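The next block holds one structure in the form of structure tokens; read it before the comments.
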Amino acid sequence: MDATDLAFAGATEQARLIAAGEVSSRELVQTYLDRIERLDPQLNAWRIVFGERALAEADQADARRGAGNERALLGVPVAIKDDVDVGGEVTAWGTSAHGGPAPQDAEAVRRLRAAGAIVLGKTNVPEMTIWPFTETITFGATRNPWDVERTPGGSSGGTAAAVASGMVGLGLGSDGLGSIRIPSAWCGLFGIKPQRDRVPIAPHDDAWQGLSVNGPIARSVADAALFLDATSDEGGFVAAAGRPPGKLRVAVSTKLAPGQLARLSPDVRAAVERTAELLRSLGHEVTERDPELPGSLMTNLLTRYFRGIYEDVANAMPHPQRLEARTRAMARVGRMIPASFVAKQRQAEAGLAARINAIFDHVDVLLQPGPVTGPTKIGQYHGRGAIWTLNGVAPRVPFQGWWNGTGQPACVVPAGLDRDGLPVGVQLVGRPGDEATLLSLSAQLEAERPWADRRPPVS
């Protein structure tokens, strides 16, 4: 296997090759380091790369393999989003306002290491992970490998750009209002927001007032399932991705929540329709049906979002004066929200979720658009104020945040290319706790409409 094919093989195949002795972990790590040296000057996906440390860990992994160690991710490199702690390294959050090195790995990173994974480096994020584009004054703009004049999305934009361009095979992202699913869609990848608390977020517990979770950005459904097996307590996700889903009832909906303003691009609408037709051809019962969307939904989400930004700045940023003006304005809004109102919104979650999830009394999966337009141009929001930027980006990604509010799993599945040759994704939403059905159905779609072999122009 040549170096490029190895880079794009995905974590599952890389783990198999290492376990079989067909490739060494050192070879794989060096392949990625060479590609990072060549490609990252164009993309700026990585905030920091742990080159020498990763090679040393690769040698250790190869020694363990030689001694019969059979860990699931033994010797496989992974990327870590730069809002998640790696021990001994700063967690920069896309800003120079950060503090000193983290004392230890975040729990999700610890579990990845326990499964044998090698931390290759940390990937860029928008400042304080606020936006669905990854551009900061401190670290510059991260670019989409499908079109370097466009964003890969955010806030897990660096991870998505790294995986899509073949600079790493698997990455950890976080998702507070779509931050795994948005960049996965715009970079042609599979990303899943797991059930809240499925993957630990410690020490960043209850991030964004319960909205945020950690999860995988991957080239394939199998790779995402492998990540979930390695990081969650339950396991069984690889098995779920490998079995047929059976006949499912699938609802298709493009309805917006009250107060949302957005317009589906013709390419995104066509992707939803193509996916619905493919599901019908696979024997699923596909109908048009909308969930009940309470009028208070967006107030609930925005309250928790703004308050979470304020809390992250207050708790993690010892030099807040260094933050961008737009970020400081977002934090001020969060600070002004009374704690009693925040508590009221948290208490309302169960009722909101019950009303929205009533649709699952009748169906097994909900099919929605991913982002409703293609990715924005680099610099489109440069110098803009907080509310202007929020009003600009929100109509592009209206369907993702709801499911952070309810806490249940949702994923994005690649669904072809738009008229500009850029990836389009559709969203699948499952019942609370039911990642298994989403993984099984997504794997069936992947088998019928493969995407993992697509390589962007910058690769």
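Please treat every number below as a calculation from the coordinates, not as lab data. Here the structure is a predicted model, which means the values were calculated and not measured. Glycine also receives a Cβ, built like all others from the backbone with ideal geometry; neighbour counts cover every protein chain displayed.
Charged side chains reduced to their Cβ positions (Lys and Arg at +1, Asp and Glu at -1) give the stretch 403-459 a dipole of some 80 debye around its Cα centre. Residues whose amide H falls under 5 Å from that of Val213, counting only those 5 or more places apart or on a different chain, are Asp175, Gly176, with hydrogens built in the peptide plane.
Just add up the charged neighbours of Ser265: K/R +1, D/E -1, any other residue whose Cβ is under 10 Å from the Cβ of Ser265. Neighbour charge sum, excluding Ser265 itself: +2.
Net charge near Thr91, counting Lys/Arg +1 and Asp/Glu -1 over other residues with Cβ under 9 Å of its Cβ? List each step's numbers first, then the result.
Details: positive: Lys122; negative: Asp82, Asp83, Asp85, Glu89.
Every neighbour counted, the sum reads -3.
When the helices of the chain are scored as -39500 (n - 2.57) per DSSP H run of n ≥ 4 and the total is divided over every residue, the value at 222 nm lands at -12000 deg cm²/dmol.
Summing Lys, Arg as +1 and Asp, Glu as -1, what charge do residues with Cβ under 14 Å from the Cβ of Gly158 carry, Gly158 excluded?
Values: positive: Arg47, Lys81, Lys122, Arg143; negative: Asp40, Asp82, Asp83, Glu127, Glu135.
Summing Lys and Arg as +1 and Asp and Glu as -1 gives -1.
Relative to its residue count, the chain spans a Cα convex hull of 123 Å³ per residue. Label reach from Gln380 (point 7 Å along Cα→C-beta): in the stretch 185-219, amide nitrogens under 13 Å belong to 186. Normalised by the number of residues in the stretch 26-139, the average gap of Cα pairs under 8 Å and 6 or more apart makes the relative contact order 31 percent. Can you give the relative contact order of the stretch 297-345 as a percent, counting alpha carbon pairs under 8 Å and 6+ residues apart? The normalised contact order for the stretch 297-345 reaches 54 percent.
Pairs of Lys residues in the chain, spaced 8 or more positions apart or belonging to different chains, with C-alpha separations under 23 angstrom: 5 in total. The relative contact order of the stretch 180-293 comes to 20 percent, based on Cα pairs under 8 Å that sit 6 or more residues apart. Under the combined filter of DSSP loop state and at most 14 neighbouring Cβ atoms within 10 Å, the stretch 250-325 retains these GluC sites (Glu not before Pro): Glu292. Computed from point charges on the beta carbon alone (+1 for Lys and Arg, -1 for Asp and Glu), the dipole magnitude for the stretch 297-345 about its Cα centre is near 120 Debye.
Shape summary of the stretch 86-239, radius of gyration then Dmax from alpha carbon positions: 14.4, 43 Å. Looking at the stretch 297-345, the pairs of alpha carbons with a distance over 13 Å make up 53% of the total. Each eigenvalue of the Cα gyration tensor of the stretch 376-459, multiplied by 5 and square-rooted, gives one semi-axis; in descending order these are 27, 22, 9 Å.
Just to confirm the filter: which GluC sites (Glu not before Pro) across the stretch 82-169 are DSSP coil and have at most 13 other Cβ within 10 angstrom of their Cβ? Present the calculation step by step, with values, prior to reporting the outcome.
Details: sites: Glu89, Glu107, Glu127, Glu135, Glu149; in loops: Glu89, Glu149.
Sparse-neighbourhood loop GluC sites (Glu not before Pro): Glu149.
Using only C-alpha positions, report the orientation-averaged shadow area of the convex hull of the stretch 267-350, nm², one decimal. Numbers along the way, then the final one.
Values: hull surface 37.3 nm².
The number I arrive at for the stretch 267-350 is 9.3 nm².
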